[in-house]
1. Determine, for VAL108, VAL68, the number of other Cβ atoms within 10 Å of each Cβ, and report the residues in order from fewest to most.
2. Please compute the modelled spin-label separation between GLN37 and ARG71, points set 7 Å along Cα→Cβ, answer in nm with one decimal.
3. Rounded, prolate or oblate: which fits the range 151-210 when a ≥ b ≥ c are the square roots of the eigenvalues of the alpha-carbon gyration tensor, with rounded for a/c under 1.5 and prolate only if a/b beats b/c?
4. Dipole size in debye (nearest 20) for the range 190-250 around its Cα centre, Lys and Arg Cβ +1, Asp and Glu Cβ -1?
5. For the pair ASP189/GLU56, report the inter-label distance in nm, with labels modelled 7 Å from Cα in the Cβ direction.
6. Which length gain, in nm to one decimal place, applies between LYS236 and GLU212 when the Cα-Cα distance is subtracted from 0.36 nm times their residue separation?
7. Would you order LEU143, LEU155 from fewest to most other beta-carbon atoms within 10 Å of each residue's own beta-carbon?
8. Which of the peptides 48-56, 187-195, 211-219 is most tightly packed, and how do the rest follow, judged by the mean count of other Cβ atoms within 10 Å per residue?
Amino acid sequence: MTRLAVSAPILAAAILAAVSLLAPQAAEADATDYWPQCSARRAERLAEDADTAAPEKLTAAANCCAAVVLRGGGGEGKLSLAKKGRSLAAKAVELRPNEAASQYALAVLMGLVTQNDPFYEQWADGLETIPKIQKHAAIAARLDPKLNYGGPDRLLGELYSQAPAQPISIGDMKLAIQHFQKAVAAAPDFPDNRLELAEALIKKRQTAQACEQLSKIMRLDAAAQASRPASMVKAKKLKKHYCRRAARLQ
């Protein structure tokens, strides 16, 4: 396959955009209770003790590594921990390819490695990482769409939403909306799913549909709202800005 020549700045922007869910603000959104409360020390210990013949132990260790990095832990060893988790998840996938948890962990950890590598601009295969994340997230979504409150489809939606469009990368807002809708179907009471869908609809200038999703977020029960305070703040700001304006234009 002919490789598209891409300059380092464009390559860097494409990689960072496509894995933007792993940036600090979005990482907070994905650091749900699905990811265990782990320390870097525990992650290292689990990695050392993981039996390479036991996929469940490999996945548990990989998830612990992901949890630490997602929550901003690991310090200077963040990249090393992300790589270790990626390796563990890859082994788990090899042993048990039909396990959604290991496929999802591998997709997320691939993104975490990319985001935390200071030499991403020099990666010859940087853009090729994006379809790999896409592949494993899609498998996880097919195997267990409800995993992490629709996490696999939410990840796919973020990839399609944030990545540059073809021919540079896989960006496609129509596909992003479809996956966010699937995430909403899998976990309708998880605010982040409707918020991501609303943001994608706003980008497509479908303001009325976006406002409908934002209104539904506001009508979620108190427990659901309290579980995602940052998402609720953002949803309220978007609703105030776009929905009042849309109402005036009607």
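1. On the way: VAL108 34, VAL68 28.
If I rank by nearby Cβ atoms, fewest first, I get VAL68, VAL108.
2. With each label point 7 Å from Cα toward Cβ, the separation is 0.7 nm.
3. Working: a/c = 2.64, a/b = 1.38, b/c = 1.91.
Oblate, since a/c reaches 1.5 and b/c is not below a/b.
4. Working: 15 positive and 5 negative charges, 77 e Å.
Roughly 360 debye for the range 190-250.
5. 2.8
6. 7.4 nm
7. By the 10 Å Cβ count, ascending: LEU143, LEU155.
8. Most protected by this proxy first, the peptides run 187-195, 211-219, 48-56.
Any read-out appearing in this document is the output of simple, stated calculations on the displayed coordinates, not a laboratory observation. None of the values given here were measured: they were computed from a predicted structure. All Cβ positions, glycine included, derive from the backbone under ideal geometry; neighbour counts span all protein chains shown.
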